[in-house]
Amino acid sequence: EWVYEGKKYELPENYDHKDVYGFVYLITNRATGRMYVGKKFFWSKKTLPITKTRKRRKRLLVESDWKNYYGSNTYLKEEVEKQGDEMFHREILHLCKTKGECAYMEAKEQFDRDVLIDDKYYNGGSKKRSLRPRRLRAASVECGISESGCCVRGFWWFPLGEKEERGP
């Protein structure tokens with residue numbers, strides 16, 4: 001079950017994609033305390049095929065699998081499978097009206113919590129990290145994004161090469 005503001009959350013029956021499109025969430029492993037921050041949409045697109053009476057494909061928005069969702073992280077999903085879903089607390093942090101708001105709020109939560117560099121998060125602070133940090137020596141260097149990487153709170157993040165070993 002999903003919890004929002006301390007109460008079990010159910011999408012109201014009369015809601016549609018114009019009222020609320022998705023949410024940013026925190027999943028916590030009750031046994032280990034590890035967490036995962038992500039986003040999920042309440043709605044997904046379904047395309048109906050061409051038929052004798054319908055000459056064009058019809059696109060509909062239908063309710064997604066959000067009620068049974070446990071994140072996209074492979075390691076987290078494996079732990080849910082092994083330990084059972086009752087060992088995980090699922091909390092909605094923000095309800096969002098648009099896809100863009102979901103993306104922004106997810107990134108904000110992830111940067112505010114340092115999920116990419118903190119081992120207590122499944123998001124990237126473990127062996128499965130796809131980016132490697134390099135601490136800046138000069139604090140005067142401006143943070144930003146370049147073709148080779150991006151800067152987050154004084155750490156420059158660079159994609160790992162295919163043959164490059166993972167680790168600092």
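The residue that is nearest to Ala31 (Cα to Cα), counting only those in the stretch 46-71 that are open to solvent by 70 Å² or more (accessible area, probe 1.4 Å) and in contact with a Phe, Trp or Tyr (Cβ under 9 Å, 6 or more places away or on another chain), is Lys67. Taking the conditions exactly as written (assigned to a strand (DSSP E or B), surrounded by fewer than 19 Cβ atoms within 10 Å (Cβ to Cβ) and among the hydrophobic types (A, V, I, L, M, F, W, C)), does Leu95 satisfy them or not? No: the conditions fail for Leu95. In the stretch 116-124, is there at least one residue being modelled with pLDDT under 90 and acidic (Asp, Glu)? Yes, the stretch 116-124 contains at least one residue that is modelled with pLDDT under 90 and acidic (Asp, Glu).
Return yes or no: is Tyr75 open to solvent by 30 Å² or more (accessible area, probe 1.4 Å), of a type in the set (Phe, Trp, Tyr) and in contact with a helix residue (DSSP H, G or I) (Cβ under 9 Å, 6 or more places away or on another chain)? Considered against the rule, which asks whether it is open to solvent by 30 Å² or more (accessible area, probe 1.4 Å), of a type in the set (Phe, Trp, Tyr) and in contact with a helix residue (DSSP H, G or I) (Cβ under 9 Å, 6 or more places away or on another chain), Tyr75 comes out as no.
The values are calculated or read from the model by the stated rules, or taken from the named source; none is laboratory data. These numbers come from a predicted model, not from an experiment. Note: ideal-geometry Cβ built from the backbone for every residue, glycine included; neighbour counts use all protein chains shown. Accessible surface is based on the protein model in full, side chains and every heavy atom, while ligands, DNA and RNA are left aside. Shrake-Rupley method; radii C 1.70, N 1.55, O 1.52, S 1.80 Å.
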